[in-house]
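Enquirer: This is the structure, below, for whatever I ask next.
The values are calculated or read from the model by the stated rules, or taken from the named source; none is laboratory data. Everything numeric here is computed off the predicted structure, so don't read it as measured data. FYI the Cβ positions are ideal-geometry reconstructions off the backbone, even for glycines, and counts take in every protein chain you see. Side chains are part of the model used for accessible areas, which takes the heavy atoms of the whole protein and leaves out ligands, DNA and RNA. Shrake-Rupley method; radii C 1.70, N 1.55, O 1.52, S 1.80 Å.
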Amino acid sequence: MTGPIRYTETPSPLGTLLLTADPDGSLTSLSVPGQRGGRTAGADWVRDPALFRDAEEQLAAYFAGDLKEFRLRLRPHGTDFRRRVWDALDDVPYGATSTYGEIAARIGAPRAAVRAVGGAIGANPLLILRPCHRVIGANGTLTGYAGGLDRKQWLLALEGVLPAVGH
């Protein structure tokens, strides 16, 4: 389905989120303020808050600690490799973490592909919804996050992986 990009902005504990979707309502991106590689509304985009009502309700429930798994139609645009990596993120459950190497293994990529997997995770267009914040370094350290390490830490604290922090 083609047509103008639909979007809305919604407040969150991480700042105002920018959500985009195809005209059929499948989400194509979720960006946070100042995100590396994040989107900004284009002049030809159409603001359509009603299209995002379900996503906003689920995000509010997630931030309130009442939702552990999103049930939304996602349609990120990327290469086949990136989409396989992004799909694998959905298998990392709420309150758990995984490593880049574990994600590589999950998609059947060789150990040497860990850097490429990291690049795909860093390009995840659906922050929060596709839980790239749950991927950490092999030594247990918090590694890069396009939305900023402070937000990654906040999300992991929300999910009970880390002690709570202020934001």
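Enquirer: How big is the antiparallel share of DSSP beta bridges in region 1-135, given as a percent to the nearest 5?
Expert: Just about 65 percent of them are antiparallel.
Enquirer: How large, in percent, is the carbon and sulfur part of the accessible surface of the chain at a probe radius of 1.4 Å?
Expert: Details: 4130 of 8150 Å².
Carbon and sulfur together cover 51 percent of it.
Enquirer: Could you calculate the contour length gain from Y94 to T40, that is, 0.36 nm times the residue separation minus the distance between their Cα atoms, to one decimal place in nm?
Expert: 16.6 nm
Enquirer: Please state the charge dipole magnitude for the chain, taken about the Cα centre, from unit charges on C-beta atoms (+1 on K and R, -1 on D and E), reported in debye and rounded to the nearest 20. Mind showing how you got there, number by number?
Expert: Working: 19 positive and 17 negative charges, 108 e Å.
About 520 debye.
Enquirer: Sketch the reach of a paramagnetic label on D150 as a point 7 Å from Cα along Cα-to-Cβ, and name the residues of region 1-41 whose backbone nitrogen lies under 15 Å away.
Expert: 13-16, 32-36
Enquirer: Among 130-142, 105-117, how do they line up from the highest to the lowest mean number of other beta-carbon atoms within 10 Å?
Expert: 130-142, 105-117
Enquirer: If one computes the Cα centroid of region 112-128 and of region 72-95, what distance in Å separates the two points?
Expert: What the calculation gives is 10 Å, centre to centre.
Enquirer: Another question about this same structure. Just from its helices, what would the mean residue ellipticity at 222 nm be for the chain, if runs of 4 or more DSSP H residues each count -39500 (n - 2.57) and the sum is divided by every residue, rounded to the nearest 500 deg cm²/dmol?
Expert: Result for the chain, helices only: -8000 deg cm²/dmol.
Enquirer: Rolling a 1.4 Å sphere over the protein heavy atoms, what is the accessible area per residue of the chain, to the nearest Å²? Numbers along the way, then the final one.
Expert: Values: 8150 Å² over 167 residues.
That works out to 49 Å² per residue.
Enquirer: Oh, and also: Given springs between every Cα pair under 10 Å in a Gaussian network model of the chain, which of D80, D22, D54 has the largest fluctuation?
Expert: Result for the chain, Cα springs under 10 Å: D80 fluctuates most.
Enquirer: Now for a separate question. Would you please give the residues with an amide H less than 5 Å from that of L17, counting only those at least 5 places away or on a separate chain, with H modeled from the backbone geometry?
Expert: Amide H neighbours of L17, under 5 Å, 5+ apart: T10, S12.
Enquirer: Okay, moving on. Amide H neighbours of V135 under 5 Å, at least 5 residues apart or on other chains, H built in the peptide plane: list them.
Expert: S98
Enquirer: What is the angle, in °, between the Cα long axis of helix 80-89 and the longest principal axis of the Cα atoms in the chain? Nearest 10 is fine, range 0 to 90.
Expert: Computed tilt is about 80 degrees.
Enquirer: Another question, if that's okay. Specify the angular offset, from 0 to 90 degrees and rounded to the nearest 10, of the alpha carbon long axis of helix 149-158 from the longest principal axis of the alpha carbons in the chain.
Expert: 90
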